[in-house]
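This report refers to the structure that appears directly beneath it.
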Amino acid sequence: MSDLIQPLSESTEPPTALQIKLQRRSRWNAVLRYTLLTVVGFVMIYPLLWLVGASFKSNAEMFSSAWFWPKDATVQGYIDGWKTSTPYTFATFFFNSMQIVIPKVIGTAISCTLVAYGFARFEFPGKKILFAILIATLLLPDVVTRIPQYLLFRELGWLDTYLPLIAPAWLAGDAFFVFMMIQFLRAIPREMEEAARVDGANTAQTLIFIVVPILMPALVSVCLFQFMWTMNDFLGPLIYISTVEKYPVSLALKLSIDATEAFNWNSILAMTVLALTPSLVVFFIAQKSFIEGISTGGVKG
Amino acid sequence: MAELQLRSVEKSYGNGFKAVHGIDLHVKEGEFMVLVGPSGCAKSTTLRMIAGLETITGGEVLIGDRVVNDLVPGKRGIAMVFQNYALYPHMQVRRNLSFGLRLKRQPKEQIESATQDVSGVLEIEELLDRLPKQLSGGQAQRVALGRALIKQPEVFLFDEPLSNLDAKLRASMRVRITDLHKRLRDEARPATVVYVTHDQVEAMTMGDRICVMKDGHIMQVADPTTLYDRPANAFVAGFIGMPEMNLVPAALAGGKGGQSLTLDGQSISVGKDLEARLESSGGRVTMGIRPQHLEIVAADADDALTGKIVNLEFMGHEVNLHADVGGETFVCVVPSDQFDKNLQRGDRVGLRPRTSKMHVFDIHTGANISLA
Ligand SMILES: Nc1ncnc2c1ncn2[C@@H]1O[C@H](COP(=O)(O)OP(=O)(O)O)[C@@H](O)[C@H]1O
Ligand SMILES: [Mg+2]
């Protein structure tokens with residue numbers, strides 16, 4: 001903040017009364033702003049802090065105080081929670097979640113890239129109509145398609161398998177991601193692809209060697225969102241998965257609320273913390289390319 | 001290496017816009033051909049049809065003796081340098097250079113030695129391990145040039161490769177490219193080049209021949225001197241040369257002392273040389289005289305147009321004098337040491353054209369009718 005005012009006072013003459021006044025005012029502004037931001041930031045993050053803290057509290061202490069720091073910390077919640085009230089441990093449920101998440105993320109990355117590349121770079125008959133339909137599905141609320149989709153997958157005999165959850169992703173079913181990639185591609189100049197074609201690359205080679213690497217930041221974002229949304233998806237598995245053995249983490253958490261008469265809040269919270277970890281880890285690993293500059297370098301003045 | 005031919009090539013875009021109206025062009029083997037014209041005259045479109053990046057909607061393009069209309073760019077034996085460099089941002093310079101060769105699965109040692117050769121010629125050895133974003137504009141354009149050179153194509157295509165560079169760098173790159181072209185010619189592997197620019201200085205200094213385009217038509221194809229001295233039409237006359245040629249409507253008429261041109265009630269005799277060249281004996285015409293070929297004389301002198309000075313631009317080594325003659329502005333370039341310092345805005349002066357250097361154009365078609 002003080003950097004901003006420096007040039008004003010840099011002249012050899014002593015600062016005038018007005019300059020001093022301006023400096024003081026902007027310093028006060030900075031103090032005020034940062035205090036406000038810190039307070040609001042703390043309020044926002046507090047529930048999360050409480051969640052982590054409370055997962056180490058005993059069940060008795062849980063509701064005695066709104067403060068997040070446990071008086072006498074215990075990992076009993078983690079031990080009980082991991083065992084669950086079912087014959088399976090949480091390891092099974094994590095494994096199940098991965099069985100849904102990983103194919104879904106891969107499928108999304110591949111299918112969305114292909115579809116977006118097609119829309120952004122090629123002219124074909126019916127393109128306008130198809131694009132309009134794509135946008136329309138973006139605006140369509142999910143609930144509208146739930147029942148027909150359920151009937152379709154029942155006909156296919158896919159109930160109580162992960163296929164209804166995974167298959168749409170392989171068919172670029174998430175219009176939002178396709179749309180996002182198209183917008184990203186549109187902002188990338190075509191010259192690099194044209195240079196590749198002149199260099200002798202065919203369409204597939206251009207896509208793999210040129211477009212995909214340039215698209216990488218967008219692709220990482222798509223995978224990240226898909227990972228988190230799928231990890232957190234509750235309704236999808238609830239509708240299609242009926243065997244406890246096949247439950248993903250999101251359903252398993254609910255399971256521990258249902259099954260016991262007196263809720264073991266600390267074990268529920270402990271498992272919630274664990275359920276959050278994969279998303280957080282993935283986010284921090286991907287953060288660099290997620291935020292990194294986009295298509296600079298190839299085309300600049 | 002091969003020649004390049006365009007035979008009544010046409011281009012209509014998907015939206016129905018006709019950008020190129022049947023052009024014929026023959027670029028000889030090893031020739032440096034410059035396509036020049038104002039923005040939007042379809043230079044890029046033409047070049048991209050040669051490259052195979054746009055479909056050809058009429059006519060034929062031949063490279064060597066092959067019709068390439070239906071070949072993909074990679075199979076045409078061309079290399080292209082883009083205005084924006086279009087380097088692959090995620091590859092180091094080395095891999096940018098070798099991308100084409102790697103696609104062709106050439107042996108490693110061969111790729112390595114080709115990379116060394118090219119980077120030596122272009123002095124980019126130190127840059128080989130950098131990413132494009134770590135290069136300056138001039139360096140990036142040299143790499144782009146290297147990426148074209150390494151393929152040893154039959155035809156080089158350039159689309160305004162220097163317009164993103166500052167003036168100084170542009171001048172040095174200009175020399176570098178022409179030197180390279182000469183060098184390849186000396187090494188007996190001449191490169192056929194089609195070079196697009198909107199900059200007439202680039203065109204005049206680089207081209208063996210220049211093709212001037214306007215609105216998807218070719219206006220004239222000729223070497224720089226011919227283009228300057230014998231422009232085929234008023235468009236070329238006005239486009240080539242700095243400052244622009246003065247093009248002013250006038251009346252051509254015969255008389256006792258030979259033919260004369262009249263404008264604003266003032267007549268000047270056309271002189272023997274021009275009279276011999278003229279293909280017309282009278283009527284409305286456009287007269288054309290370059291600013292360098294107008295001499296400042298006393299107002300009311302013989303065979304001079306009298307006008308009023310409306311602007312004076314001092315350029316250092318020369319002075320641009322703008323004079324109004326009956327509503328038409330003439331620009332006249334005078335070397336500083338010959339310029340009468342007493343002249344001021346508002347003064348009346350005489351402008352005497354060197355008629356031997358004058359051109360007369362058909363007022364409707366713009367065709368030069370003083371070339372005979
Ligand atoms: N994809 C396109 N669709 C329709 N018209 C186009 C397209 N590309 C270029 N044009 C038009 O064709 C004409 C020539 O364009 P271009 O070849 O880029 O000109 P130049 O390179 O000489 O400036 C321009 O009028 C331009 O608007
Ligand atoms: Mg252009």
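Quick rundown of the values:
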{"item": "Relative counts (whole %) of C-alpha pair distances in the range B:1-96, using bins that are 10 Å wide", "result": "14, 44, 30, 11, 0"}
{"item": "Rounded to whole Hz, the Karplus (6.51, -1.76, 1.60) HN-Hα couplings of the range A:175-180, x for glycine and proline", "result": "4, 4, 5, 4, 4, 4"}
{"item": "Fraction of alpha-carbon pairs over 16 Å apart in the range A:17-78 - percent", "result": "60 percent"}
{"item": "Shielded by partner chains, the range B:59-91 residues - at least 20 Å² of accessible area, 1.4 Å probe, vs chain alone", "result": "B:P73, B:G74, B:F82, B:N84, B:Y85, B:A86, B:L87, B:Y88, B:P89, B:H90"}
{"item": "Fraction of accessible area attributable to carbon and sulfur, the protein assembly as shown (%, probe 1.4 Å)", "result": "59 percent"}
{"item": "Per residue accessible area in Å² of chain B, where ligands, DNA and RNA are left out and the probe is 1.4 Å", "result": "44 Å²"}
{"item": "Cut-off 11 Å between beta-carbons: net charge of the residues surrounding B:D179, Lys and Arg +1, Asp and Glu -1", "result": "+4"}
{"item": "Peptide ranges A:45-53, B:160-168 listed from the most packed, as the mean C-beta count within 10 angstrom indicates", "result": "B:160-168, A:45-53"}
{"item": "J(HN,Hα) series, the range A:59-67, from Karplus relation 6.51 cos²θ - 1.76 cosθ + 1.60, nearest Hz, glycine and proline x", "result": "4, 5, 6, 2, 9, 7, 8, 8, 6"}
{"item": "Diffusion constant of the protein assembly as shown at 4 °C, which comes from Stokes-Einstein with the Kirkwood Cα-pair radius and 1.567 mPa s, µm²/s", "result": "40 µm²/s"}
{"item": "0 to 90° range, to nearest 10: angle between helix B:108-122 axis and chain B longest Cα axis", "result": "30 degrees"}
{"item": "Antiparallel bridges, percent of DSSP beta bridges restricted to chain B (to nearest 5)", "result": "75 percent"}
{"item": "Chain A: relative contact order in percent, alpha carbon pairs under 8 Å with at least 6 residues between", "result": "27 percent"}
{"item": "Cubic angstrom per residue, convex hull over Cα atoms of the range A:172-224", "result": "73 Å³"}
{"item": "Pairs beyond 23 Å (Cα-Cα), from B:K272/B:K341; B:K28/B:K108; B:K11/B:K214; B:K28/B:K75; A:K104/B:K104", "result": "B:K272/B:K341; B:K28/B:K108; A:K104/B:K104"}
{"item": "Formal net charge of residues neighbouring B:G64 (Cβ-Cβ distance under 11 Å; K, R +1; D, E -1)", "result": "-2"}
{"item": "In Å², nearest 10: area of B:M173 left accessible to a 1.4 Å probe", "result": "10 Å²"}
{"item": "Unit charges at the beta carbon, dipole of chain B: most positive-side option, B:T45, B:L321, B:G216", "result": "B:T45"}
{"item": "Estimated dipole of the range B:4-237 in Debye, rounded to 20 [Cβ of Lys and Arg +1, of Asp and Glu -1, Cα centre]", "result": "540 debye"}
{"item": "Electrostatic dipole magnitude of the protein assembly as shown [Cβ: Lys, Arg +1; Asp, Glu -1; Cα centre; debye, to 20]", "result": "1180 debye"}
{"item": "Neighbour net charge for B:V319 - beta-carbon separation under 15 angstrom, K R +1, D E -1", "result": "-4"}
{"item": "Viscosity 0.692 mPa s, temperature 37 °C, Stokes-Einstein D of the range B:106-213 from Kirkwood C-alpha radius, µm²/s", "result": "220 µm²/s"}
{"item": "Phi to ³J(HN,Hα) by Karplus 6.51 cos²θ - 1.76 cosθ + 1.60 over the range B:359-372, Hz, x for Gly, Pro", "result": "10, 10, 10, 4, 5, 8, 7, x, 5, 6, 10, 10, 9, 4"}
{"item": "Chain B - mean residue ellipticity at 222 nm from DSSP helices (-39,500 (n - 2.57) per run, n ≥ 4, rounded to 500)", "result": "-7500 deg cm²/dmol"}
{"item": "Spin-label model distance (nm) - B:K341 vs A:I110, 7 Å beyond Cα toward Cβ", "result": "8.3 nm"}
{"item": "Sorted peptide list for B:278-287, B:13-22, criterion being average Cβ within 10 angstrom, highest first", "result": "B:278-287, B:13-22"}
{"item": "Estimated distance in nm for a label pair at B:S281 and A:Q287, the labels positioned 7 Å out from Cα along Cα-to-Cβ", "result": "9.1 nm"}
{"item": "Positive-end residue of B:V285, B:G238, B:A304, charge dipole of the range B:238-362 with Cβ unit charges", "result": "B:V285"}
{"item": "Spin-label pair B:D129/B:K272, simplified geometry with 7 Å Cα→Cβ offset, distance in nm", "result": "7.5 nm"}
{"item": "Within 10 Å of each Cβ in A:187-193, the average number of Cβ atoms from other chains", "result": "4"}
{"item": "Cα Rg, Dmax (largest Cα-Cα span) when computed across the range B:238-362, Å", "result": "14.2, 44"}
{"item": "Under-5 Å amide H pairs with B:V196, H placed in peptide plane, nonlocal only", "result": "B:L35, B:F158, B:D159, B:E160"}
{"item": "Acute angle (nearest 10 degrees) that the helix B:137-149 long axis makes with the longest principal axis of chain B, alpha-carbon atoms", "result": "70 degrees"}
{"item": "Helix B:93-103 axis, angle to chain B major axis (alpha carbon atoms, nearest 10°)", "result": "70 degrees"}
{"item": "Span per principal axis, largest first, for the Cα atoms of chain B (Å)", "result": "80, 45, 41"}
{"item": "Helix-only CD estimate at 222 nm, as mean residue ellipticity for chain A, using -39500 (n - 2.57) per DSSP H run (n ≥ 4)", "result": "-22500 deg cm²/dmol"}
{"item": "Loss of accessible area when B meets A, both sides summed, Å² nearest 100, probe 1.4 Å", "result": "2100 Å²"}
{"item": "Where chain A is the region considered: accessible area per residue in Å², 1.4 Å probe", "result": "58 Å²"}
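The values are calculated or read from the model by the stated rules, or taken from the named source; none is laboratory data. What you are looking at is a predicted structure, and each value in this text was computed from that prediction instead of being measured. Positions of Cβ are generated from backbone atoms using ideal geometry, with glycine treated the same way; all protein chains shown enter the neighbour counts. Each accessible area value is taken on the protein alone, full model and side chains, heavy atoms only, with ligands, DNA and RNA left out. Shrake-Rupley method; radii C 1.70, N 1.55, O 1.52, S 1.80 Å.
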